[in-house]
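The structure under discussion appears below in the form of structure tokens.
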Amino acid sequence: MNANQGNNQAAGKPMNRVDGRLKVTGGARYAAEFPTENLAHAVVVESTIARGRITKIDTSAAEKSPGVLAVITHLNAPKLGQSSGNRNTSGEQAVEGGGDPFSKPILVLQDTTITFYGQHIGVVIAETLEQARYAADLVKVTYAKETPVVSLEKNLARAYKPEKLLIPLEPDSGRGDINQGLKEADVQVDETYSTPVEHHNPMESSATIAVWQGDRLTLYDASQNVNGVQTTVANTLRIPPQNIQVISHYVGGGFGCKFRAKSHNILAAIAAQRVKRPVKLVLTRQQMFTSVGCRPHSLQRIRLGAKKDGKLTAVAHEITTQTDIAREFIEHVGAGTNMMYSTPNILVAHRAVPLNMVAPTIMRAPGETPGMYALESGMDELAYKLGIDPVELRIINDPPQDPEKNLPWSSRSLVQCLQQGAKRFGWERRNPKPRSMQEGRYLIGYGVASATYPANRRPASARTRILSDGKVLVQIAATDLGTGTYTILTQVAAEALGVSPEQVRVEIGDTQLPPTPGSGGSWGAASYGSAVQDCCVAARAKVLALVQKDTRSSLKGLSDGDMEVRAGRIVSKQDSSKGETYQQILTRNNLKEVVAEVESKPDGTAKKYSMHSFGAHFAEVRIDQDLGEVRVSRFLGVFGAGRILNPKTAASQMIGGIVWGIGMALHEETVIDERYGHFVNHNLGEYHVPVNADIPNIEVSFVEEKDPHVNPLGVKGVGEIGIVGAAAAVANAVYHATGKRIRDLPMTPDKLL
Ligand code: MOS
């Protein structure tokens, strides 16, 4: 039997979400919904300046307010983190400790320094939410204000070269000689593109219920990463991680803002400790903008050089992005550029300006999302200058192997994605001339862009319990952000054990279960899926071992290869009348269950192959000439992302990413008031995201891709690639429709008129 055997092929089918019914009936319990006795409510107090110091904080009125149990500020907060001498307090940030930056302590309420508007400076705990919220308004804070540094454009002189980026890529990378390459070019592009600050805005805002029992802490948390929150909270409170249990069964979206612990987790924990009662802390929608990070603003200069035949002679991608004052977060904006196209000369450089703004964090395809917008816009500009079709230009420069790592691709289907997509989209109907297609007063444009995202996998553990009634329980710490984790793990387990998916129950989202990395980096399916497959195979092997030597079994003496599982029944391949169910075997052996727990790690293959997903986006826009209003009228995304475990949930991921790409192109922007450093549109009324009326029929398909190298499941992961390049396809369509190139997102009507 091999790992993928199982004759029902549960994986690969468009199975409905196993948690769908619970979600639509309200049965799925989210963090803020855990019934807790004697619950008190906490409300965060945020700074109303972006830079300076608290000179006085008067909590007396708040403390006397009805129902108030405690007010915690820097004056009476417990000491957090490891050592003394750390002057940094700002919200999410932490500067000490080595290792994983995501597990560093969060030193909230430790001193008077303010480094951004909305920094958490206190927490009020009361009997009811209303009482806590009212009292939070009564906290009087006096500041010594300084002028905040919030504009990236006006502070380029402060740009510095960071020591490292979020991923292991040098801040400056490349090969060859960019100046030489540009000199050899027949045609050049030199343009600068800008992407704004954006916010994740998941439907469910961040929430934590903190419950202490003696020295043990339970956090019911809206988290992408239960083990990560456990570690960070342990490091911050200086208690052993095993004393902390983090539970996150259902999450209403995260997109990166729920990946690491944030200061509200710490505030909930210390609040519960202080009032000796369970405490619930839910961030308001407005507080979400200043409490859980954002996508940083980027300025990206793209220089391209090409010969007349379209072959690139030079690619330069020079990026300036924002980081925050207290902690370094540098997005790897140029990571996609490094490996995307063939060119002998390339330079990718990252610079950063520290701003008095909430620390940026990962947000759906951090790095690739802004970076590929710029690169793919530049490629489009180059195509027009060369007079080469933009689909063709990308195919001409498709590299036979990873040009950065000098490794073969584990698989790369970009050309197939472009060709299949062009055919399906009717690309041949496009008149290459800008502003040449029109219907009434609507200008029509077609745009294309490529997508890429790495196929990541991380070590993960899982446990499989085959129960005596034939049912299967799979346990793994993993989280499901709404992406379909429960469902695909059910499918993987069903396939590996040869049982029907209805027999399988998956438990996730709890640090008491075998540990995993958080859901992020599109590695969930590959990491959790591999772990679940491995532990199911191990459990199945234990059951096979039970029958092989058992004289009571009709399967006695058969080797592993002589047997297979069909519909929960282990049978002889030669003679399927010989067989027994898991249930029969366990019952005869008086076993309540057969358990296997496995830690599943990538082997060294990632050193031998470059592993990425690829895709192609095709957008059609209709632009009202009089109003400058852009409507995306059609969108097609074609992706090569390895084996697709569930075409339905995977397509939903891609559609979600494309919706976001359309939002990035046309709507999304967090506006900063440069005088005060606050976000002006910190609500869903004024922070525009696409709504149903903005979204056309989005078509998504996957090219067949069998990649034996990425992992035994052949899975690359589909969380993030959907958004990468999508905004560029829209921007390129806007240029094609109008002849006007908008290089700063979002492309609002004022920029088009
Ligand atoms: Mo994703 S930004 O890795 O949650």
**Q.** Selection status of residue 379, among the aliphatic types (A, V, I, L, M), more than 16 Å from the ligand (Cβ to nearest atom), surrounded by 23 or more Cβ atoms within 10 Å (Cβ to Cβ) and closer than 27 Å to residue 47 by Cβ
**A.** no
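Okay, residues lined up against (1) at pLDDT 95 or above; (2) outside any helix (DSSP H, G or I); (3) closer than 30 Å to residue 139 by Cα:
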position	(1), (2), (3)
3	no, yes, no
37	yes, yes, yes
44	yes, yes, yes
50	yes, yes, yes
72	yes, yes, yes
77	yes, yes, yes
85	no, yes, yes
92	no, yes, yes
Q) Just one of the numbered conditions (1) within 24 Å of the chain's Cα centre (by Cα); (2) on the phi < 0 side of the Ramachandran plot is not true of residue 743; which one? A) (1)
Q: Kindly provide the set of residues from segment 547-578 that are part of a helix (DSSP H, G or I) and crowded, with 20+ Cβ neighbours inside 10 Å, ordered by number.
A: 547
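Residue-by-condition table, conditions (1) crowded, with 24+ Cβ neighbours inside 10 Å; (2) not in a loop (DSSP other than H, G, I, E, B):
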{"site": "705", "(1), (2)": "no, no"}
{"site": "713", "(1), (2)": "yes, no"}
{"site": "719", "(1), (2)": "yes, no"}
{"site": "722", "(1), (2)": "yes, no"}
{"site": "731", "(1), (2)": "yes, yes"}
{"site": "737", "(1), (2)": "yes, yes"}
{"site": "742", "(1), (2)": "no, no"}
{"site": "747", "(1), (2)": "yes, no"}
Q | Residues (crowded, with 21+ Cβ neighbours inside 10 Å and over 18 Å from residue 116 (Cβ atoms)) located in segment 304-332 | A | 304, 305, 306, 312, 313, 314, 315, 316, 317, 319, 320, 332
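Which of the following residues is of a type outside the set (A, V, I, L, M), away from the ligand (no atom under 15 Å from the Cβ), out of contact with any helix residue (DSSP H, G or I) (no Cβ under 6 Å at 6 or more places or on another chain) and in a helix (DSSP H, G or I): 273, 230?
Working: 230 fails: out of contact with any helix residue (DSSP H, G or I) (no Cβ under 6 Å at 6 or more places or on another chain).
Going through 273, 230 in turn, just one is of a type outside the set (A, V, I, L, M), away from the ligand (no atom under 15 Å from the Cβ), out of contact with any helix residue (DSSP H, G or I) (no Cβ under 6 Å at 6 or more places or on another chain) and in a helix (DSSP H, G or I): 273.
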Q | Unique match (being within 16 Å of the ligand (Cβ to nearest atom), modelled with pLDDT of 95 or more and either out of contact with any Gly (no Cβ under 9 Å at 6 or more places or on another chain) or at negative phi (or both)) among 581, 516, 490 | A | 516
Q.
Against the conditions (1) touching a Pro at 6+ places or on another chain (Cβ under 7 Å); (2) of a type outside the set (Lys, Arg); (3) within 15 Å of the ligand (Cβ to nearest atom), where does residue 224 fall short? Just the number, please.
A. (1)
Q) Is there any pair with a first residue in segment 520-544 that is closer than 15 Å to residue 707 by Cβ and in contact (Cβ under 8 Å) with a residue 24 or more places away in the chain and a second that is within 16 Å of the ligand (Cβ to nearest atom) and of a type in the set (Ser, Thr, Tyr) whose Cβ atoms are under 9 Å apart and which are 6 or more apart or on different chains, and what are they? A) 522/453; 522/613; 525/483; 525/485
(Q) If I filter segment 345-353 for residues that are β-branched (Val, Ile, Thr), over 27 Å from residue 176 (Cβ atoms) and away from the ligand (no atom under 16 Å from the Cβ), do I get at least one hit? (A) yes
Q: Just give me the residues in segment 444-453 being buried (at least 24 other Cβ atoms within 10 Å of the Cβ) and not polar (S, T, N, Q), in sequence order.
A: 445, 446, 447, 448, 449, 451, 453
Q | Checking residue 525 against (1) within 16 Å of the ligand (Cβ to nearest atom); (2) of a type in the set (A, V, I, L, M, F, W, C); (3) outside any helix (DSSP H, G or I), the condition it does not meet | A | (3)
(Q) I'm checking my understanding of the structure. Among residues of segment 233-254 that are buried (at least 24 other Cβ atoms within 10 Å of the Cβ) and within 16 Å of the ligand (Cβ to nearest atom), which one is farthest from residue 200 (Cα to Cα)? (A) 248
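The values are calculated or read from the model by the stated rules, or taken from the named source; none is laboratory data. Since we're looking at a predicted model, the values are computed, not measured. Neighbour counts are summed over all protein chains in view; Cβ atoms, including those assigned to glycine, are modelled from backbone coordinates with ideal geometry.
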